[in-house]
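Engineer: Questions regarding the structure given below will be posed in turn.
The values are calculated or read from the model by the stated rules, or taken from the named source; none is laboratory data. Worth saying up front: this structure is predicted, and the values here are computed from it rather than measured. Note that we place each Cβ from the backbone using ideal geometry, even for glycine, and neighbour counts take in every protein chain shown.
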Amino acid sequence: MTNFQVAIDGPASAGKSTIAKILATKLNFVYVDTGAMYRTITLAAKKNGIAYNDEEKIKKLLSQTKIRFEPGTPVQRVFLNDTDVTDEIRSAEVTNNVSVVASFADVRSNLVNRQREIANSNSVIMDGRDIGTTVLPEADIKIFLVASVDERAQRRYKENVAKGITTDLETLKHEIEARDYKDSHRQISPLTQAKDAILVDTTGKSIDEVVSKIANIIENKISF
Ligand code: CDP
Ligand code: CDP
């Protein structure tokens, strides 16, 4: 079989990375978490004392920023140059500023090139916001994963509780809505459902139900 490409896009906390990771293990495909790449550039800006809206300085930072993934349990490890930043890129500060950094043209073209390179030499499940529309427009399967904003905020809330982080549900909901708005309204590659993407609504659905639905879609296509 030649390289196979699965694109999973959708708003924050729709379940993209959870579902993509399980499917990648099941199918022995490489999982590419493109959001982690945008988060890592955002963290690099922070570590270098660069303001998140300083497009020129962030542009210069790109050539000095190596991003590497390593397999890990329970989560894939993410490295910025040689530092493990797996936890740091999930901080509230990075989460609330990543959409600004991700709106810059040079950041997008640089990371899109890195993402395509991985997909050229591996069968991939790639999740993000613009995978089906821009990064892999010829992907074999495109999924657009959604869930109600209330359910997505609940999911983040539970994740925070499990990590011992105290947050307010309404604040989380507003943060998710603000990020979705920025991601859907930016000029370059905004979050949008590709015309040929299959819409999967995960509201009220368990992880197992969603995995089995998408696994069926993929297996049908592979055996076709
Ligand atoms: O996991 P979560 O939904 O919170 O977000 P993520 O996938 O880690 O992505 C973090 C941010 O990176 C998004 O809110 C977007 O601003 C940006 N992003 C993007 O612009 N394009 C992508 N392909 C992936 C993420
Ligand atoms: O990657 P994305 O931001 O789209 O979402 P995620 O980080 O994979 O999922 C956010 C949270 O929702 C995780 O804690 C998942 O375990 C949970 N989830 C769920 O409860 N039910 C689903 N059908 C999918 C995800």
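Engineer: Restricting the first residue to the stretch 182-199 and requiring it to be outside the structural domain of Ala105 (by the TED database), which pairs with a second residue that is in a loop (DSSP other than H, G, I, E, B) meet a Cβ separation below 6 Å and a spacing of at least six or different chains?
Structural biologist: Asp183/Arg129; Asp183/Leu191; Ser184/Pro190; Ser184/Leu191; Arg186/Ser103; Ser189/Asp130; Leu191/Arg129
Engineer: For the stretch 131-142, state whether one or more residues are within 23 Å of Ala24 (Cβ to Cβ), exposed (fewer than 14 other Cβ atoms within 10 Å of the Cβ) and in contact (Cβ under 8 Å) with a residue 60 or more places away in the chain.
Structural biologist: yes
Engineer: So, of the residues in the stretch 124-170 that are at pLDDT below 95 and of a type in the set (S, T, N, Q), which turns out to be nearest to ligand 1 (Cβ to nearest atom)?
Structural biologist: Here the residue is Asn160.
Engineer: Taking the conditions exactly as written (within 16 Å of ligand 2 (Cβ to nearest atom), hydroxyl-bearing (Ser, Thr, Tyr) and surrounded by fewer than 20 Cβ atoms within 10 Å (Cβ to Cβ)), does Ser91 satisfy them or not?
Structural biologist: Working: within 16 Å of ligand 2 (Cβ to nearest atom): yes; hydroxyl-bearing (Ser, Thr, Tyr): yes; surrounded by fewer than 20 Cβ atoms within 10 Å (Cβ to Cβ): yes.
Here the answer is yes, as Ser91 does meet what is asked.
Engineer: Sticking with this structure for a sec: Applying the selection to the stretch 179-211, what residues are small (Gly, Ala, Ser), loosely packed, with under 12 Cβ neighbours inside 10 Å and on the phi < 0 side of the Ramachandran plot? Talk me through it step by step, then tell me what you get.
Structural biologist: Going residue by residue through the stretch 179-211, those that are small (Gly, Ala, Ser) are 184, 189, 194, 197, 204, 206.
Now drop any that are not loosely packed, with under 12 Cβ neighbours inside 10 Å, which leaves 204, 206.
Ser206, the sole residue that qualifies.
Engineer: Check whether at least one residue in the stretch 88-105 is among the acidic types (Asp, Glu) and at pLDDT 95 or above, and report yes or no. Spell out the reasoning first.
Structural biologist: Filtering the stretch 88-105 down to residues among the acidic types (Asp, Glu) leaves 88, 93.
If we keep only those that are at pLDDT 95 or above too, we end up with 88, 93.
Yes.
Engineer: May I pose another question? Exactly one of (1) buried (at least 23 other Cβ atoms within 10 Å of the Cβ); (2) out of contact with any Lys or Arg (no Cβ under 9 Å at 6 or more places or on another chain) is unmet by Lys57. Its number?
Structural biologist: (1)
Engineer: Separate question: Hey, does the stretch 25-32 have a residue that's within 16 Å of ligand 2 (Cβ to nearest atom), within 27 Å of Ile207 (Cα to Cα) and under 11 Å from the mean Cα position of the chain (by Cα)?
Structural biologist: Yes: the stretch 25-32 contains one or more residues that are within 16 Å of ligand 2 (Cβ to nearest atom), within 27 Å of Ile207 (Cα to Cα) and under 11 Å from the mean Cα position of the chain (by Cα).
Engineer: Looking at the stretch 14-32, which of the residues that are charged (D, E, K, R) and more than 7 Å from ligand 1 (Cβ to nearest atom) is surrounded by the fewest Cβ atoms within 10 Å (Cβ to Cβ)?
Structural biologist: Filtering the stretch 14-32 for residues charged (D, E, K, R) gives 16, 21, 26.
Checking the rest, the ones that are also more than 7 Å from ligand 1 (Cβ to nearest atom) come to 21, 26.
Values: Lys21: 18, Lys26: 13.
It comes out as Lys26.
Engineer: Search the stretch 109-130 for residues being crowded, with 20+ Cβ neighbours inside 10 Å and farther than 20 Å from Ala14 by Cβ, and hand back the single one that is nearest to ligand 2 (Cβ to nearest atom).
Structural biologist: Restricting to residues being crowded, with 20+ Cβ neighbours inside 10 Å and farther than 20 Å from Ala14 by Cβ, the top hit is Leu111.
Engineer: Here is a further query. Kindly indicate whether Asp168 is more than 23 Å from Leu43 (Cβ to Cβ), assigned by the TED database to the domain that holds Lys21 and in contact with a strand residue (DSSP E or B) (Cβ under 7 Å, 6 or more places away or on another chain). Quick ask: steps written out before the conclusion?
Structural biologist: Numbers: more than 23 Å from Leu43 (Cβ to Cβ): yes; assigned by the TED database to the domain that holds Lys21: yes; in contact with a strand residue (DSSP E or B) (Cβ under 7 Å, 6 or more places away or on another chain): no.
So Asp168 does not fit the description; no.
Engineer: Please verify whether the stretch 7-18 includes one or more residues that are assigned to a helix (DSSP H, G or I), in contact (Cβ under 8 Å) with a residue 12 or more places away in the chain, within 12 Å of ligand 2 (Cβ to nearest atom) and not assigned by the TED database to the domain that holds Glu175. Before you say what the answer is, go through the steps one by one.
Structural biologist: Taking the stretch 7-18 first, the residues assigned to a helix (DSSP H, G or I) are 16-18.
Adding the requirement that they be in contact (Cβ under 8 Å) with a residue 12 or more places away in the chain leaves 16-18.
Filter again for within 12 Å of ligand 2 (Cβ to nearest atom), leaving 16-18.
Within this subset, residues satisfying the condition of being not assigned by the TED database to the domain that holds Glu175 are none.
Looking for residues that are assigned to a helix (DSSP H, G or I), in contact (Cβ under 8 Å) with a residue 12 or more places away in the chain, within 12 Å of ligand 2 (Cβ to nearest atom) and not assigned by the TED database to the domain that holds Glu175, one finds none in the stretch 7-18, hence no.
Engineer: Sticking with this one: Suppose we keep only residues that are part of a strand (DSSP E or B) and touching a helix residue (DSSP H, G or I) at 6+ places or on another chain (Cβ under 9 Å) within the stretch 191-219. Which one would you say is nearest to ligand 2 (Cβ to nearest atom)?
Structural biologist: Val200
Engineer: Condition check: surrounded by fewer than 22 Cβ atoms within 10 Å (Cβ to Cβ) and within 15 Å of ligand 2 (Cβ to nearest atom). Does Gln154 satisfy that? Steps first, answer last, please.
Structural biologist: Working: surrounded by fewer than 22 Cβ atoms within 10 Å (Cβ to Cβ): yes; within 15 Å of ligand 2 (Cβ to nearest atom): yes.
When the stated conditions are applied, Gln154 passes them.
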